[in-house]
Structures are given as C-alpha cells and as structure tokens.
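**Student:** Before I ask anything, let me first share the structure, which is written out below as structure tokens.
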Number of protein chains: 2
Amino acid sequence: MMNITLPDGSVRQYEAGASAMDVAKSISEGLARNVLSAKVNGEVWDANRPIHEDSVVQLLTWNDKDGKQTFWHSSAHLLAEALEALYPNVKFGTGPAIESGFYYDIDTGDQSISAEDFKKIEQKMLELARQKNTFDRKDISKEDAIAFFKEKGDEYKLELIEKRGADESLTLYQQGNFVDLCKGPHLPDTSKIKAVKILKVGGAYWQGDDTRQQMTRVVGITFPKQKELTQYMHMLEEAKKRDHRKLGQELELFMFSEKVGQGLPIWLPKGTALRSRLEDFLKQEQLKRGYQPVITPHIGKKDLYVTSGHYEKYGEDSFQPINTPKDGEIFLLKPMNCPHHCEVYGNKPHSYKELPIRYAEFGTVYRYEQSGELHGLTRVRGFTQDDAHIFCTPDQVKDEFLNVLDLTMHVINKLGFEDFTAQISLRDPNNREKYIGSDENWDKAERAIIEATKEVGLTTTMELGEAAFYGPKLDFMVKDALGRSWQLGTIQVDYNLPERFELEYIGSDNKTHRPVMIHRAPFGSMERFIGVLTEHCAGKFPLWLAPEQYIILPISEKFHAYAEEVKLKLAANDIRGTIDERGEKIGKKIRDAQVNKMPFMLVIGEREMSEGKIAVRQSGQGDEGAGDMGAMTVDDFIAHFKTLL
Amino acid sequence: MMNITLPDGSVRQYEAGASAMDVAKSISEGLARNVLSAKVNGEVWDANRPIHEDSVVQLLTWNDKDGKQTFWHSSAHLLAEALEALYPNVKFGTGPAIESGFYYDIDTGDQSISAEDFKKIEQKMLELARQKNTFDRKDISKEDAIAFFKEKGDEYKLELIEKRGADESLTLYQQGNFVDLCKGPHLPDTSKIKAVKILKVGGAYWQGDDTRQQMTRVVGITFPKQKELTQYMHMLEEAKKRDHRKLGQELELFMFSEKVGQGLPIWLPKGTALRSRLEDFLKQEQLKRGYQPVITPHIGKKDLYVTSGHYEKYGEDSFQPINTPKDGEIFLLKPMNCPHHCEVYGNKPHSYKELPIRYAEFGTVYRYEQSGELHGLTRVRGFTQDDAHIFCTPDQVKDEFLNVLDLTMHVINKLGFEDFTAQISLRDPNNREKYIGSDENWDKAERAIIEATKEVGLTTTMELGEAAFYGPKLDFMVKDALGRSWQLGTIQVDYNLPERFELEYIGSDNKTHRPVMIHRAPFGSMERFIGVLTEHCAGKFPLWLAPEQYIILPISEKFHAYAEEVKLKLAANDIRGTIDERGEKIGKKIRDAQVNKMPFMLVIGEREMSEGKIAVRQSGQGDEGAGDMGAMTVDDFIAHFKTLL
C-alpha cells in the first residue's frame, strides 16, 4: 500500500501501481470524467500512469492551467494524426501546447495547406477524436527510437533524437495510428476533445533558425465543449475589434516610425493628453501617500551598473554601451531606475526619523527586445515605468506594502478594472542558503506581504521558491472585460542593492543600519497599461480620462458662433472638447464622432440655438448604440456630466 | 584726401594716413580721451594706426565689447611686463583677453607664484601703467622673429612662430621694455589702465594639450576707473553667494553623482517640485496658445539623422552610436527633438486648415560636452528643452512669432526678470546663394520677425550674415539682478527640415505645398534656466514657484498638534509647507529656515496657540532681514499670502 496526499492535506491509501485516475474514481465518477492529467510530486503525469510510492497528487481538470496544457498538447498529437491521414509523407517537427491552443510545425513536401483546408482538417480531427483512442506511453532506447523514425522517414525527429544522451531513455506516445516522440503527459483518451478550430497556417524556421528549413506551422485550438469554442471565437472577434494597435491608430493615440525605430512608441497629441492625465492622477495619489518625485538621467556610467550588479547581466542581446570621446568612459542606456535612486538616497546621511523615504519617478527606460516579440504598446523597447523606490526599516515593510496596495487598488478601480489578483513569490524553504539577507528579515518581509494582502482583501496565490535571490515579491494581475489575464507591475523587496550601494541610516540606537529597499511599479509601465486599458474599455476611456469628452456638431456654419459660446462655458467648467467645423453633413459628423469613441455629441441646429439649448447624444458602453438624451440647457448638461465623473 | 564714414552715416575728409584717434580728436578732445581702439572696415585696429584709404570707422570706448577686449588684451601685455620685471627668466606662452579680464600662461621655471604675490604684481602693473608707455606696432619677417625670440629664450613663442607660413608677415608690439609677438590691436598707451586686480593663479597645459608642459596661468582684470573695480569685486562676491551650484546643494535642488556621470544633473525632491511647477506653468501657457504636447523617445535610428542631415555632423566628439544585436542597426542618443517631431507631422496628410500645428515637448536631449566646460546646471551633458516645433504656411510666420514672443515675455516677466532683449540673425544680403529657401520666403520671414519684435516692444539688435543657411532666427538674452547677460533660447525659422523630410500640406488651391517649420525653445533648457533663475533671485524663488512656501516652527513638542491643524488649513488653500518638528531651540530653527530661503516662518508658542493665531515672519528680499509681521489668525495670513501670488 502507498499513501497518496491530496491538496487539502487528506491522505488516502492505495495499492502500489494505482494511477491518479484510480484516485479520482475512488472519490467520484463525476470527478474522474473531468480529470485530464495529474500533478504527482510537482510533475505533471498522465492520469493513467501508475504510481509506485507515497506521493502528493493533485488532479488536473480544464480549470487548471496545467490541465489545459495537457489538453492542448494532446490536441497537437491529434492534429498530427489528422495531417498524416490527409497529407501522405508529411514530416513532423515539433508540436507544443501554447498559451491558448497548440501548433504543429510540419514539412509538407510539395503539398501546401491553406485556409480552405481548415474545415477538412477539423473534421478529420473530430472523426479521430470520436474513436476514443488512448494515448499509450512506451519507454524506448535511443537506438530503437532512431530505427523507428528512420523507417518512418521523419528526419526532423531523428535530429531531435540525435541530440539526446546515449543512455537517455526516451518515450513514445501512440494514439490510433500516430506515434510521436514525446515526454507527455497526455489525456486519458481522444474523446475529451469535442470542439476543434484551426486558427491559421504560416511559416516558421526549423528550430527557430533562419538558415534552416522553412516549416509549415498549423495553429489550432480545441475545447471539451462546443459552447466554449463558440465563446472563444466570439472573444477573438471582440479582441480584434479592441486591438489597441488598431484603436491607437484610429483614435490617434500613438504611432511608430521606421526611422525612429521599431518598438519605440511616439505619443501623438491625443495619446499624450490621455497619458499625461493618467500620470497626473497617479502623481497626485502618490503625493497624498508621501512619495517624493525625483528626475534622473536616461543614461548612467558603467560604474553605476558595476556597483548595482546589472553590468554582469548586460549581454550581446542588449542595447550596446555608449562610448564617448574620453578613453574608457562608457555609458549605458538606463534599463531601470533603481541604481539612480540609490545614488539619490546615498547623497546625504539619513536618520531613522526620515524613513520611509519614497522616491518616485515616471522614468523612461530602454531594453532591447527581439523584433519578433514587439507588440504595439504591450511589448516595446522604450517604456515609462510608474516607478518608485522605498527605503525603510525592516519593521516598516508591512505598512509600506499596505500603502502600495491601497494606492494600486484605488487606482486600478478608478480605471474600471474589477478583477484584480496577485501572486506572492516566496523563498524555497528547503534551500535558504541561496538567498541574501537575514532569515529574520525574510520571515518578517514574507509575513508582512501575506498579512498586508489579507488585510486589504486581495486574492493571492503563493509560489514557494519563486522569489528572487534578493527578496520576496508580489506581482499584480488584472482580468480585462474579455476575461483575459494581464500581468501588470510588481512590488519587490530588495536586500541586495542597499548592500551593494552601502546605503545606511542612523537608527534610534545611534548606530548605522542598512535600510530595506522596495521597488514598486504597480502598472509596470504607462505604455503597457494604456495598451491593456484601451482593450479593456474598447477605446471608450473613463470619462475623466478621455482625451476629448465631447464634440460639438453644428448642423451648419451658421451655428459656429453659438457653438463657440457653448464650448467656452464648458471649458470654464473643466469639460474639454472641440467643435467639428467641417462642412460635412450632420450624419457624417455623427458617424465620425462614433468612430472616435466620443463620450458626448452635442448637436446644434436652429431650434437648439433659438432655445439656448444643445441636443445631447451620449455614447453607449460596449455594443450599445449612442443614447439620445434630447435637448437640454448647457447648465443641465454640465450638471449631468458632473454626476458621471 | 580720404573719406571716413562714421556709424551715423556722416562722411568726413582727412589726409591719407590719419588715424582713428585723429578722427576722434577732430570731433572732440573728450571723445578722444575715451577712445581705446577703432573698428576700421569691420576689423579692430589700434586707434593710432594710420588709415590710407576711404574707410568706415567706428570709434571704440569702454562701452563697446570690442573696446573692452582691446583694454584687457593690452592689460595682458602689461601683466607680462610686470611678471618679466618681477620673475627673471620667466617664459611666455599666450595671453589673451577673456570675457571678463585676461590671463597670461607662463613658464616660471623653478619659481612659483601664489596668492601672496598678487599685491606685488598689481603694484608693479600700476607702476608700469603710470609710465604712459605707448604700444608700438612693428612688422617683422618670420626669420627675424625667430632670431629675436631665440635670443630672448622664449621657446613657446618660437613654437608659435614655427607654425606660421614662411612668407607670412608677423607683428611685434612693444610697451616699455616688453616685446610680444602679437597681432594687436592695443590701447593708445598704458595710462588708460587705472585699476588692476589679479584674480587667481592656476595650472593650464600648453596649447590645451595634457601631454605638454603645465604652465602657470595668471588671471586678472583691469578697469579705467578704481570705482569700476570696486563694483566688479562686489558683484563677484555677490555672484559667489548666489552661485547656483552652491545654492542648489544648500537648498537640496539637485545633485551630481560620479557613478551616474559628470554633467548629468539628478533632480532631488525639492528641485523636482520646483522644476515640475515651472514646467506645468509653461505647459498651461502653451495649451492656452494652441500647442499640442507630444512625447517622443530619447533615441532614434541612424536613418532618422541621415534624413535630417544631423548624422554628417555627428563626430568623434559626440556621444557615440548605440549598436544592437541586429547587424547594422544603429541608434543615436537624441541630441535634439526636431527630427522626431517631423516624423509626427509626416504621420498623416494635412490640410492648410489645420495649420499652424504646434508640437510641444519637454524633451530631454544628450550632447557630449568636454568635461572642462561643464558648469553646474548651465553647461551640462543632458538637459530638457522647453521645445516646440511649429509647422505653418509662409504667411503665418509673423503671427507665430508674435505668439511665441507673447508667451516668452509673459513667462519671463512672471519669473521676475525685467531686462530682456533679443538678437535677430539675418542673412548676408551680399551672399544670397548660400541660403536654402526662396528669396520671397526669406524676405517675408525676416520682415515678419522684425515687425513682430517691434509690435511687442522688444529691444533687439540685428546681425547681418549671422542666420543659419536654413533660416533667420532670434536669440533671447536676459540680464540678471547682478547685471550679467545670459543667453536663453531661440526662435529659428527652418526651410531645410521640411524639405529633407518631404513634409507637405494641401493648400486652399488643392495643391501640395511645403510648410515652414519654426523651432522654438524660449528658455533653451529647464536646467540652464533654473540655474540662471537661482542666481537671479539668489535662491529666493518667486513665492508661487518656491518648493516650500512656509515652515511652521513650534517652540516645543507641545504645539505639534496645533501646528498640524494650521498645516491642514493652509494645504486646503493650496499653500504648501512643512513643520519643523525637530527638538531644536527656536533660534536654531529660525536660522535654518533662513538658510533654506523659506518665504514664511510661522512660529507657534503658548500665546499663539491659546489665541488661535500664528506669529508670522516674512523673509526679506536681497540683503534685507526677515520681517516680523506679528501674530495673526491663519485666515488673515492666507489673505495676505494670496495678495503676493
């Protein structure tokens, strides 16, 4: 008999050789039907794989990230089986699960696959899935594996096998007629896959090396229910409409220029207005919470980064150093603000009475990303962190976390996000020697973080062993209106930089102490955050943030003077907008205003002017149309407007 | 006979061979006594040098910059004569006039000169000056010059002579016993020099080359009247007290760090608060005048600067290019914002109806300055320009100049500067082919600038031939409280960049046209401007701009709660400050607040608290002490405060 410990801590006994599926069945048949794979002692296994010793077992279903990954990895095999059936002599590269779905890179020889073939592939996959074939695992020697794939003629698999050690034991998985070199794990059988969509076909170099064979990458996604696929396709459609790259161009928020460089956003007037308003709002909230803004240069000497330790990590994949006319003088484009802020702290002696000191900077930093990884505002080469560094005593860590959490939750909320969680990364309790800083301080800081998140009611997950060597941290995640998760910023405790920069304060005991440093950028970067916000609100920004809050649409030139009068009155009430003075028809003006996501359209014609009124149309949220609110006085409109802020 | 034309246009006739001094004497003996040298056909000459043909002559006195330069250059010769008398065998390098005064670099062999010797040197100079020796000019061949200085043993002069062409005719000047290799011009005689001050002695490498001999540099200044020297020494004393590097440290406005790099200011919290307030004020004023803020990256690809033409000028004395992992991809640290703004303009088509478009950015740029040239905030390697680029039609140039002048004069005035002038740089009318842009547009723009400055009543000087090849410009100058002139920013018309970036707009004729571009940065840079402002107001910033407007000084801890109450009430009225809660005596708190240039000190003791009042001390301007305003209610203080904004 062996002991199986479940996540809730309960222990059950089974015959040696029982599988996770046996465990599931012993609990409930319903549960067993939903099991996709299982985490056995931290490793994801086939649900049917026999367990031979006492183990910790977590059953994985569609609700678990790892469960989904098993589902999609098995779907990649199913795709391969279908492709082999449809395209004789196709050769297989690799076929992993990805964040959403899976792909297989294949060499189709002289055949080609296009969008017109998707239906056929989907149908073949569903047909094979219904056969309820199991995924059978088989250990095999390297020699036998070579023989097998040589016979099959799969040269790419052979190349992968050649790289493995001579004594390494390999595994094959077979479902139906398809056999693949694979570590697994896989689903109990193919019938779990009930809905299939091939999303696209494209090119990809073998092993990501542009000197090698160009493969055909077939990308797809599968679900356990048809309804989930329908929802997913709807979400994709909606995400396309909300793509911040598309909206950013339509709303004239930002641009890119080939000459300035890829991944370097340029903020156009409307985007600058929006971003500045957001920064001002954050600045005000930070001032209220005791932050002190500073401004530091965008470059720093090599010395600075040697001291901070970043220089060692500076590699060939980074922006390269900047030389100067002076021999040996080298500057680096600033990849983060912390070393500069350490220099500010170290500029004069500090007493414990001054702590915590919170230096804040909307600091623009530059990091070289591969061009293939760049994506609109969410993956860039230059971005502005909503950065701050807090220098405090070990006893102040908890209050500082509370302060940062309060700020972040207040602000995130003000921006219309409701689903907000965090991951806490703690040290590996079995491996304490690899961390810098005293045991006492780590315990204090970890406890402080956990308690602070509980006190503010923030939902968190905890990951042991995920902390950096220099301190525990907390990562923020938001879910947007389409249910997609976005990683935002971080609060990171740091015992390392204060040591490296020899930062000190005089304690109440009149002795010198090292402060604790806390890095925090709740949004991560203004660029990324505004990208996410744009998709979340589909370009209909919260009224207080919108670059323009209204547009006046005069029916003809005759009403321009009155429109000007209305505009002045609104401006006097801090309501910002413009007049559409073009000679276009009113219908066209309204349509254009809708494309521009204008919160309010104020139409002015003969009747409105003679009655001293404006005809107000309020833009709807989501898919709703614009709401006609009828004619009202400017004062009534102002009163209504103010209730919405 | 020859015709001599004077600056007022009048023409007088003299015998050929008459000198400028003869001209002066023919006008008045008083004038002749004041003549130091003369500009003859644009070149500065000895006043006594014979003129042989029809010429334009301008007599130069102490009131002319060139007159002062002659005075100080002659003083350098007088210094050399004194040094030769006092230090046998001293060898001479070069001895030019500088902006204020003059120096001579000498090799003293095994003798040394220290501050204790200054008196002796000054007395010797005055003694020699009283001899009323003339400065006698003598043409000499290179060969004879070599023979002369070889005999004298002046190896440095020999090196200078060796560099001259074989046929070049050289000149010597002699006063008293001292003979120097010199092009002149010089004073009529030494007796004009009535007041002498040796300011400092230091080291300087021969020819500025750090591999050559270290010379002794003796720096001095002279005046035609003792009173002027006294005033100058007082000004120096005052300037030292006001040195923004010293005040910046005392007031904790900014710092430099060896690790971050020389010439890269880091703004501390109080400096950041001040700078941000100034930027916000400018931003508001610019918004009112129709500017649109944009934000662009701090780097740009080489392509951008090849297009703009700046790349050609990018040399070994600049920050060097930034390479990336991608072969041939090169970025440059942005030395100016204009190419980026051209890309913004070029991002979409424009109609004449949209013009003028005014893109504004507080853009931080980086330029490598030699380390010896760096000076506090006024000469740096990284600075933030209050930059904007206006794209307009040729007909809009004048209105745009009026708009910029209005903004600049309004803002400069609000900052307490009263003496404000400008230099207009026009094209050389005799050399029109070297300029880009049509004759018509140049005429229009030059007329527009001149008319605009007249309309706003700005005092200007005009310099023909000083315009850049791509357009005329206007430079702003302010005089500070010590009477020193500071060059601030510029308005520059540009016909070149719109051409290079192929910028266009559709005119009312439905055809494409090139816009005119205007660069403008009225302050030049935030760093430089704040440096100048700090010295102008001696650290006592205008009340609206001061980082802290008051400090509450409780006499003991007992009054902290009441102090907190007062602070909240002031904060609610947008009056910012802090409480000095240290356990120091009140006298010490007051002295510290004075050092910190605190505009108001609010003292709270038993009596103030019981009566619900505060004892107000207002800081004086300039050398005045703090004024005791007695006890008053917080409301009365707020009312008084608001009258001062």
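**Student:** For region B:453-483, name all the residues that are in a loop (DSSP other than H, G, I, E, B) and surrounded by fewer than 15 Cβ atoms within 10 Å (Cβ to Cβ).
**Tutor:** B:Gly457, B:Gly465, B:Phe469, B:Leu482, B:Gly483
**Student:** Which pairs turn up if I take residues in region B:124-139 that are in a strand (DSSP E or B) and look for partners that are of a type in the set (Phe, Trp, Tyr) with beta carbon separation below 8 Å, at least 6 apart in sequence or on another chain?
**Tutor:** Close Cβ pairs satisfying both conditions: B:Asp136/B:Tyr173; B:Arg137/B:Tyr173; B:Lys138/B:Tyr173.
**Student:** Specify the residue that is modelled with the highest pLDDT; the eligible residues are those in region B:345-363 that are touching a Ser or Thr at 6+ places or on another chain (Cβ under 7 Å) and open to solvent by 20 Å² or more (accessible area, probe 1.4 Å).
**Tutor:** B:Phe362
**Student:** If you don't mind, another one. Looking at B:Leu274, B:Leu264, can you tell me which residue is among the hydrophobic types (A, V, I, L, M, F, W, C), under 30 Å from B:Leu497 (Cα atoms), open to solvent by less than 70 Å² (accessible area, probe 1.4 Å) and within 14 Å of chain A (Cβ to nearest Cβ)?
**Tutor:** That would be B:Leu264, the only listed residue that is among the hydrophobic types (A, V, I, L, M, F, W, C), under 30 Å from B:Leu497 (Cα atoms), open to solvent by less than 70 Å² (accessible area, probe 1.4 Å) and within 14 Å of chain A (Cβ to nearest Cβ).
**Student:** Picking from B:Leu199, B:Leu187, which residue would you name as being touching a Leu at 6+ places or on another chain (Cβ under 9 Å) and outside any strand (DSSP E or B)?
**Tutor:** B:Leu187 is the lone residue from the list that is touching a Leu at 6+ places or on another chain (Cβ under 9 Å) and outside any strand (DSSP E or B).
**Student:** Can you pull out every residue in region A:614-634 that is modelled with pLDDT under 80 and touching a helix residue (DSSP H, G or I) at 6+ places or on another chain (Cβ under 7 Å)?
**Tutor:** Hit for region A:614-634 is A:Ala626, nothing else.
**Student:** Take the conditions at the interface with chain A (Cβ under 9 Å from one of its Cβ atoms), out of contact with any strand residue (DSSP E or B) (no Cβ under 7 Å at 6 or more places or on another chain) and surrounded by 15 or more Cβ atoms within 10 Å (Cβ to Cβ) and apply them to B:Tyr368. Does it pass?
**Tutor:** Yes: the conditions hold for B:Tyr368.
**Student:** Go through region B:51-73 and give me each residue that's open to solvent by 60 Å² or more (accessible area, probe 1.4 Å) and within 18 Å of B:Asp22 (Cβ to Cβ).
**Tutor:** B:His52, B:Glu53, B:Asp54, B:Val56, B:Gln58
**Student:** I would also like to ask the following. Read through the list (1) more than 9 Å from chain B (Cβ to nearest Cβ); (2) free of Cβ contacts under 8 Å to residues at least 40 places away in the same chain; (3) touching a helix residue (DSSP H, G or I) at 6+ places or on another chain (Cβ under 8 Å), then give the number of the only condition that A:Asp327 fails.
**Tutor:** (3)
**Student:** Can you find even one residue in region B:377-394 that is more than 18 Å from the chain's Cα centre (by Cα), farther than 25 Å from B:Glu285 by Cβ and either more than 13 Å from chain A (Cβ to nearest Cβ) or not in a helix (DSSP H, G or I) (or both)?
**Tutor:** Checking region B:377-394: at least one residue is more than 18 Å from the chain's Cα centre (by Cα), farther than 25 Å from B:Glu285 by Cβ and either more than 13 Å from chain A (Cβ to nearest Cβ) or not in a helix (DSSP H, G or I) (or both).
**Student:** Being facing chain B (nearest Cβ under 9 Å) and surrounded by 14 or more Cβ atoms within 10 Å (Cβ to Cβ) is the filter; apply it to region A:311-324 and report the residue that is modelled with the lowest pLDDT.
**Tutor:** Across region A:311-324, the extreme among qualifying residues is A:Ser318.
**Student:** Taking B:Asn41, is it crowded, with 17+ Cβ neighbours inside 10 Å and more than 26 Å from B:Tyr156 (Cβ to Cβ)?
**Tutor:** no
**Student:** Would it be correct to say that B:Leu304 is closer than 29 Å to B:Asp494 by Cβ, open to solvent by less than 10 Å² (accessible area, probe 1.4 Å) and facing another protein chain (nearest Cβ under 7 Å)?
**Tutor:** Judged against the criteria, B:Leu304 is a match.
**Student:** Over 12 Å from B:Ile552 (Cα atoms), without any contact (Cβ under 8 Å) to a residue 40 or more places away in the chain and out of contact with any strand residue (DSSP E or B) (no Cβ under 9 Å at 6 or more places or on another chain): is that true of B:Asp574 in this structure?
**Tutor:** The answer is yes for B:Asp574.
**Student:** Give the residues of region A:281-294 that are in a helix (DSSP H, G or I) and either more than 9 Å from chain B (Cβ to nearest Cβ) or open to solvent by less than 30 Å² (accessible area, probe 1.4 Å) (or both), sorted by residue number.
**Tutor:** A:Phe281, A:Leu282, A:Gln284, A:Glu285, A:Gln286, A:Leu287, A:Lys288
**Student:** Considering region A:204-215 alone, what residues qualify as being part of a strand (DSSP E or B) and either open to solvent by less than 30 Å² (accessible area, probe 1.4 Å) or in contact with a Lys or Arg (Cβ under 7 Å, 6 or more places away or on another chain) (or both)?
**Tutor:** A:Ala204, A:Tyr205, A:Met215
**Student:** Here is a list: A:Thr94, A:Thr108. Which entry is among the β-branched types (Val, Ile, Thr) and open to solvent by 40 Å² or more (accessible area, probe 1.4 Å)?
**Tutor:** A:Thr94
**Student:** Let me ask another. Check whether at least one residue in region A:331-344 is open to solvent by 40 Å² or more (accessible area, probe 1.4 Å), within 7 Å of chain B (Cβ to nearest Cβ), over 26 Å from B:Ile295 (Cα atoms) and not in a loop (DSSP other than H, G, I, E, B), and report yes or no.
**Tutor:** No.
**Student:** Having 2 or more residues that are more than 25 Å from A:Phe71 (Cβ to Cβ), over 35 Å from the mean Cα position of the chain (by Cα) and modelled with pLDDT under 95 is the bar; report the strands (runs of 3 or more DSSP E) wholly within region A:1-45 that clear it.
**Tutor:** A:2-5, A:11-14
**Student:** Tell me which residues, restricted to region B:235-261, are crowded, with 16+ Cβ neighbours inside 10 Å, closer than 22 Å to B:Pro547 by Cα and without any contact (Cβ under 8 Å) to a residue 12 or more places away in the chain.
**Tutor:** B:Gln249, B:Phe256
**Student:** Here's another thing I want to ask about it. So which of B:Ala422, B:Ala452 is over 23 Å from the mean Cα position of the chain (by Cα), small (Gly, Ala, Ser) and either modelled with pLDDT of 90 or more or not assigned by TED's automatic domain parsing to the domain that holds B:Pro515 (or both)?
**Tutor:** Being over 23 Å from the mean Cα position of the chain (by Cα), small (Gly, Ala, Ser) and either modelled with pLDDT of 90 or more or not assigned by TED's automatic domain parsing to the domain that holds B:Pro515 (or both) holds for just one of B:Ala422, B:Ala452, which is B:Ala452.
**Student:** Condition first: assigned to a loop (DSSP other than H, G, I, E, B) and either not aliphatic (A, V, I, L, M) or not assigned by TED's automatic domain parsing to the domain that holds B:Cys182 (or both). Now tell me which residues in region B:140-166 satisfy that.
**Tutor:** B:Ser141, B:Gly153, B:Asp154, B:Lys163, B:Arg164, B:Gly165
**Student:** Give me a count of the residues in region A:149-165 that are open to solvent by less than 70 Å² (accessible area, probe 1.4 Å) and farther than 17 Å from A:Ile106 by Cβ.
**Tutor:** The number of residues fulfilling the criteria is 3.
**Student:** Among (1) in contact (Cβ under 8 Å) with a residue 40 or more places away in the chain; (2) in a strand (DSSP E or B); (3) closer than 18 Å to A:Cys338 by Cα, which single condition is A:Pro498 missing?
**Tutor:** (2)
**Student:** Quick check on B:Ile530: is it assigned by TED's automatic domain parsing to the domain that holds B:Ala448 and assigned to a strand (DSSP E or B)?
**Tutor:** no
The values are calculated or read from the model by the stated rules, or taken from the named source; none is laboratory data. Predicted model, so just to flag it, every value in this text is computed and none were measured. Note that each Cβ is placed from the backbone with ideal geometry, even for glycine, and that neighbours are counted across all protein chains shown. These accessible areas exclude ligands, DNA and RNA; they are computed on the full protein's heavy atoms, side chains included. Shrake-Rupley method; radii C 1.70, N 1.55, O 1.52, S 1.80 Å.
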